[in-house]
Amino acid sequence: MDQGSVAERILHLAEQAAIDHGLELVHAEVAGPEGHPIVRVFIDKPGGVTHEDCSGVSRHLDTVLDVEDFIHSAYTLEVSSPGIERGLYKLADYERFTGSPAKLKTRAAIKGQRNFRGRIVGVTGDSVIFEDKTSGRATIPFAQIAKANLEIDVEEEFRAAREREATDRHLIKRNS
């Protein structure tokens, strides 16, 4: 069985396992060497996934993969959250994270560049509107995006934390 059809079957089975556990399948992929592939599954839910969520989907999917038996070599199954700088794989991800900082790489140059870093402005049709920090606004066809993920603005996070601490100190002082 070729790698493409293996990946498609894994995607279908991982999606069903996630649904059965009340979770969203963010992404599934097959990576690593042909003789010992790594099956990676990323799941999520509002508020984030727990260790129990990951282990439940892992046990479920491992059982189904053993029964289906279409991966004809030893493999490693990894089930995890998408992480704080989660990948963006579907057009719906860009809609969901409109306004968020992100970075993306395109298959071909758009406005003379392939690497973009900035903020997701929105989605129109089959394109992502992106505000790049250096070159400004660009309309990027979704099919041209090779890789993208959210990006945490560490300085912004520290600034927001300092503001919360100042507010907390003020409230404590006022209520003392």
Which one of the conditions (1) within 27 Å of Gly22 (Cβ to Cβ); (2) open to solvent by less than 30 Å² (accessible area, probe 1.4 Å); (3) in contact with a strand residue (DSSP E or B) (Cβ under 9 Å, 6 or more places away or on another chain) does Phe70 fail to meet, given that it meets all the rest?
-> (3)
Scanning the stretch 1-18 for residues that are more than 17 Å from the chain's Cα centre (by Cα) and open to solvent by 50 Å² or more (accessible area, probe 1.4 Å), which turns out modelled with the lowest pLDDT?
-> Met1
Could you please give the count of residues in the stretch 73-89 that are surrounded by 12 or more Cβ atoms within 10 Å (Cβ to Cβ) and either closer than 16 Å to Ala7 by Cα or among the basic types (Lys, Arg) (or both)?
-> 6
Please determine, by comparing only the residues of the stretch 90-129 that are small (Gly, Ala, Ser) and not in a strand (DSSP E or B), which one is surrounded by the most Cβ atoms within 10 Å (Cβ to Cβ).
-> Ser100
When you scan the stretch 71-89, how many residues do you find that are of a type outside the set (Ser, Thr, Tyr) and under 9 Å from the mean Cα position of the chain (by Cα)?
-> 7
Quick one: count up the residues across the stretch 30-60 that are open to solvent by less than 30 Å² (accessible area, probe 1.4 Å) and either touching a Phe, Trp or Tyr at 6+ places or on another chain (Cβ under 9 Å) or of a type in the set (Phe, Trp, Tyr) (or both).
-> 2
Within the stretch 52-61, can one find any residue that is in a strand (DSSP E or B) and either of a type in the set (Val, Ile, Thr) or under 11 Å from the mean Cα position of the chain (by Cα) (or both)?
-> no
For the stretch 145-176, name all the residues that are free of Cβ contacts under 8 Å to residues at least 24 places away in the same chain and open to solvent by less than 60 Å² (accessible area, probe 1.4 Å).
-> Ala160, Ala161, Ala166
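The values are calculated or read from the model by the stated rules, or taken from the named source; none is laboratory data. From a predicted model like this one, the values you see are computed outputs, not experimental measurements. Glycine gets a Cβ as well: all are built from the backbone with ideal geometry, and neighbour counts include every protein chain shown. Surface accessibility is based on the protein's heavy atoms, side chains included, excluding ligands, DNA and RNA. Shrake-Rupley method; radii C 1.70, N 1.55, O 1.52, S 1.80 Å.
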